[in-house]
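K.L.:
Attaching a single structure in structure tokens format; questions to follow.
Rule-based calculations on the coordinates, nothing more; no lab input. Only a predicted model underlies this, so the values are computations on that prediction, with no experimental measurement involved. As a convention, Cβ positions derive from the backbone with ideal geometry for all residues, glycine included, and neighbour counts pool all protein chains shown.
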Amino acid sequence: MPALARAFLIAGAGGFLFSLPWPSLVAGAALVVVAALLALRAVWRWERTHVIMTDDRLALVRGTLRRRTAAVRLERVGAVEVDQSLLGRMLGYGTLVAGPLQITYVPQPRSVYELGESHSP
């Protein structure tokens, strides 16, 4: 389950407990705080992830304090595709599929894809 969906479920449970009398109210407030922190972490990780596509490689850069980069040559993966649901199109995210490699929740995946297409021979 994606981290943001998990945070919303926890927030819903916390909101329900928050509406109950005294002992449950404290647990509900704690769950809402935990959910907010989980959502903030998920958004931060998403914001700090970059997909870079050049004419010969596809790279994924993640992290804030500790940066991790993974790259693959495009000649090894063949076709690069973009998969977007209706919700993904409305919110501006999607999945970039390069052979067996799938990078989910890519912000503005069409722009990454078009950048790669403009560099192809």
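K.L.:
Once the Cα atoms of region 49-119 are picked out, what are the Rg and Dmax in Å?
P.N.:
Spelled out, the Cα radius of gyration and Dmax of region 49-119 are 11.9, 34 Å.
K.L.:
Please report the Cα spread of the chain along all three principal axes, rounded to whole Å, starting with the longest.
P.N.:
So the extents along the principal axes, rounded to whole Å, are 67, 34, 20.
K.L.:
Test of understanding: ordering Trp46, Trp22 by Cβ neighbours within 10 Å, fewest first, what list do you get?
P.N.:
Fewest-to-most ranking of Trp46, Trp22: Trp22, Trp46.
K.L.:
Which one, Ser85, Thr104, Thr49, projects farthest toward the positive side of the charge dipole computed for the chain from Cβ point charges (K/R +1, D/E -1)?
P.N.:
Sorting the options by dipole projection puts first Thr49.
K.L.:
For a label point 7 angstrom out from the Cα of Thr64 toward its Cβ, which stretches of region 32-58 have the backbone nitrogen within less than 13 Å?
P.N.:
Counting only backbone N, you get 37-49.
K.L.:
Taking 7 Å along the Cα-to-C-beta vector as the label spot, tell me the Leu40-Arg89 distance in nanometres, rounded to one decimal.
P.N.:
Those two pseudo-labels are separated by 3.5 nm.
K.L.:
If I take every Cα pair under 8 Å that is 6 or more residues apart in the chain, average their sequence separation and divide by the length, what percent do I get for the relative contact order?
P.N.:
So the answer I get is 17 percent.
K.L.:
Something else about it: Rounded to whole Å and sorted largest first, what semi-axes of the equivalent ellipsoid does the C-alpha gyration tensor of region 3-46 yield via the square root of 5 times each eigenvalue?
P.N.:
22, 9, 4
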